[in-house]
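Here is the structure we will look at.
The values are calculated or read from the model by the stated rules, or taken from the named source; none is laboratory data. Because the structure is a prediction, the values reported are computed rather than measured. We place every Cβ from the backbone using ideal geometry, glycine too, and count neighbours over all the protein chains shown.
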Amino acid sequence: MGLNLTEKIIREHLVSGEMTAGTEIALRIDQTLVQDATGTMAFLQFEAMGIPRVETELSLVYIDHNTLQNGFENADDHRFLQDMAKTSGAYYSRAGNGICHQVHLERFAEPGKTLLGADSHTPTAGGVGSLAIGVGGLDVAVAMGGGPLYLTMPRVINIKLTGKPAPWVSAKDIILEVLRRLTVKGGLNAVLEYSGEGIQYLTVPERATITNMGAEAGATSSVFPSDEVTRSFLQAQDREGAWKPLAADEDAEYDQVVEINLSELQPLVACPHSPDNVKTVKEVEGIKIDQVVIGSCTNSSYLDLVKVARILKGKRVHPDVSLVLAPGSNQVLRMLAADGSLADILQAGARLLECTCGPCVGVGQSPPSGGVSLRTVNRNFKGRSGTADAQVYLVSPETAAASAIEGRLVCPTSLGEPIVVEQPKSFAVDDSMIIAPAPAGTVVEVRRGPNIKPLPRNTALPQTIQGDVLIKVEDNITTDHIMPAGSKVLAFRSNIPAMAEHVFAPVDPDFPKRAKQAGGGIIVGGENYGQGSSREHAALAPMYLGVKAVLAKSMARIHRDNLINFGILPLVFSDPADYDRLAQGHRLEMKDIRGAVESGAEQVQIKNLTTGEEFAAKLTLTPRHRSIIAAGGMLNWMQQQR
């Protein structure tokens, strides 16, 4: 039996474990990335490990989330990150150089390499055949220090693309169709591996759009083969030497196969408030819109934005619509300026933003109250845009541009013949905004602003946990609900005491006060608790507030790993019906929980001291996880190993 592409890359990087789905494996990591919303904490953690230099082939820091400097905090953190990169051996991509995933795809991603990133959309690099995985910052810090990534050996789901894309069907529509079929939890503990004759029609930037949004299905990663299309892209980036062919064996087997005929697709839209709430554009067209946002790590490539420019050329944005556009990288921006596309975009009445994440993470360009915003970004969770009652729809750049002109949601098929943009023979390569590290042994002063606070640490797991249910939340609670982003909160990413004041702010602003008054406690969640962003602050800040356990129907992969990394017990209801018997304020007790963790028990009994009822919860942890939980988190555990 042959191997699929995912298995081939894993086999080449396997440090320990067996390639059996559901078992724990450890992978050697070639490359890492952090960005400024996750990087400060990751480097504080790396520093705490006492390792002087990164031990990967390549590690990078990107400044792309917090470039809005309406106070000293962001500028101070950027200076800290530049100093830490310089002294530790990491490369530093300056503000304005672009979004980490777009720049990494352009300049650093390689077929067959493993990439670990402190950002859930790290799988973007799967567009060139990298096995790229999003995790919390602490896992990246460990990898920078030469440690492997421990994870559950994923299932491999084959997404077989057949046929040729129908007119006006874009990569965004393809991934929205995948999400419509799999839902936001259908890719949990799985890699989405693409194949079929349909992939020949997709450029690397289009493939990267698809692998980027595999994260919305909960997938561990997404990956395309490395073929002549890949070679052409790397050659145009002056990186042909990084290319090598990679594909699944002809007799490879998969855990699941999803076949999509591209010729049968139509332009699609994800309606509020979930990326899997997908309909055809024609089903909902006509909705009056207030705002259009084109950009983010999902759809901000040169090819995407040239199509937008051609749609807008000679036309005007509707007077009731605000159109904003953020190129994915400085390379993209310079090429748009050079070929006249930027002039066409601006002449149409669009507003140009920095080459940053910006509106996608609620940093600027929030819609008006109750406003309708069409966005080419990857998530439309309620409130993520910065406006609590906004209605955010996810669409392709083509649908976004056509709708911006009309002032209402329209299908791009109304524009007539589809626009075809060929990949340029060469991209505008200029790495002058990427700063190399200092030679090993160089003395570097690491400057720390007053907003950079000491790294919080948990205490060892107690013998018994007793605490109140501090909050009970519904299904599909995201890390944006738990630890919101936006310019006001992200400024405190290196100041956990301040950031902790905003835990669950979109759901229950009184949560931090209640948690402190109760001396900590327990969080109860529904299905897919913690989906979305990889931000470890959604575990770190609750830990700071004294949260000892999360009890849910099910959990998203990255958030569950982050809970373990910070010593918070991740429990799953043995009987989901027990969720309905709990209420905020109930007091729960887990006797001898430490003994259960250390002994390898796979189930624990929990007593509701308020009602007198007892119920069971699953304690599904590897031996390594159990040691980390008992120690009170990864950093405590690593110190014990020395």
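Would you call residue 551 under 29 Å from the mean Cα position of the chain (by Cα) and outside the structural domain of residue 25 (by TED's automatic domain parsing)? Criteria met by residue 551.
Among the residues making up the range 407-424, a single one is within 12 Å of residue 169 (Cβ to Cβ) and surrounded by fewer than 17 Cβ atoms within 10 Å (Cβ to Cβ): 418.
A count restricted to the range 410-441 and to residues that are part of a loop (DSSP other than H, G, I, E, B) and closer than 30 Å to residue 271 by Cα stands at 8. Among the numbered conditions (1) surrounded by fewer than 16 Cβ atoms within 10 Å (Cβ to Cβ); (2) modelled with pLDDT of 95 or more, the only one that residue 392 does not meet is (1). The single residue among 226, 221, 232 that is touching a residue at least 40 places away in the same chain (Cβ under 8 Å), surrounded by fewer than 18 Cβ atoms within 10 Å (Cβ to Cβ), in the same structural domain as residue 158 (by TED's automatic domain parsing) and among the hydroxyl-bearing types (Ser, Thr, Tyr) turns out to be 232.
Cβ separations smaller than 6 Å between residues 6+ apart or across chains give the following pairs from the range 456-482 residues that are buried (at least 22 other Cβ atoms within 10 Å of the Cβ) to residues that are part of a loop (DSSP other than H, G, I, E, B) and of a type in the set (A, V, I, L, M): 481/507. Scanning the range 130-156 for residues that are among the aliphatic types (A, V, I, L, M), surrounded by 24 or more Cβ atoms within 10 Å (Cβ to Cβ) and part of a strand (DSSP E or B) yields a count of 4.
Kindly provide the set of residues from the range 224-275 that are in contact with an Asp or Glu (Cβ under 7 Å, 6 or more places away or on another chain), closer than 24 Å to residue 476 by Cα and in a loop (DSSP other than H, G, I, E, B), ordered by number. Answer for the range 224-275, where residues must be in contact with an Asp or Glu (Cβ under 7 Å, 6 or more places away or on another chain), closer than 24 Å to residue 476 by Cα and in a loop (DSSP other than H, G, I, E, B): just 275.
Give the residue, chosen from 290, 320, 251, that is in contact (Cβ under 8 Å) with a residue 40 or more places away in the chain, farther than 22 Å from residue 363 by Cβ, assigned by TED's automatic domain parsing to the domain that holds residue 369 and surrounded by fewer than 23 Cβ atoms within 10 Å (Cβ to Cβ). Before the answer, list the steps.
Working: 290 fails: farther than 22 Å from residue 363 by Cβ; 251 fails: assigned by TED's automatic domain parsing to the domain that holds residue 369.
Being in contact (Cβ under 8 Å) with a residue 40 or more places away in the chain, farther than 22 Å from residue 363 by Cβ, assigned by TED's automatic domain parsing to the domain that holds residue 369 and surrounded by fewer than 23 Cβ atoms within 10 Å (Cβ to Cβ) holds for just one of 290, 320, 251, which is 320.
Only a single criterion out of (1) assigned to a loop (DSSP other than H, G, I, E, B); (2) of a type in the set (A, V, I, L, M, F, W, C); (3) within 21 Å of residue 136 (Cβ to Cβ) is not satisfied by residue 444, namely (3). Please indicate, with yes or no, whether at least one residue in the range 534-544 is modelled with pLDDT under 95 and touching a strand residue (DSSP E or B) at 6+ places or on another chain (Cβ under 9 Å). Yes; the residues of the range 534-544 include at least one that is modelled with pLDDT under 95 and touching a strand residue (DSSP E or B) at 6+ places or on another chain (Cβ under 9 Å). In the set 355, 360, 297, only one residue is closer than 28 Å to residue 108 by Cβ and in contact with a strand residue (DSSP E or B) (Cβ under 6 Å, 6 or more places away or on another chain); that residue is 355.
Yes/no matrix, rows are residues, columns are (1) outside the structural domain of residue 625 (by TED's automatic domain parsing); (2) crowded, with 23+ Cβ neighbours inside 10 Å; (3) over 24 Å from residue 439 (Cα atoms):
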{"residue": "13", "(1), (2), (3)": "yes, no, yes"}
{"residue": "35", "(1), (2), (3)": "yes, yes, no"}
{"residue": "49", "(1), (2), (3)": "yes, no, no"}
{"residue": "55", "(1), (2), (3)": "yes, no, no"}
{"residue": "75", "(1), (2), (3)": "yes, no, yes"}
{"residue": "80", "(1), (2), (3)": "yes, no, no"}
{"residue": "87", "(1), (2), (3)": "yes, no, no"}
{"residue": "90", "(1), (2), (3)": "yes, yes, no"}
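Of the residues making up the range 85-118, just one is under 19 Å from residue 221 (Cα atoms) and of a type in the set (Phe, Trp, Tyr), namely 108. Would you call residue 126 in contact (Cβ under 8 Å) with a residue 40 or more places away in the chain and assigned to a helix (DSSP H, G or I)? Taking the combined requirement at face value, the residue satisfies it.
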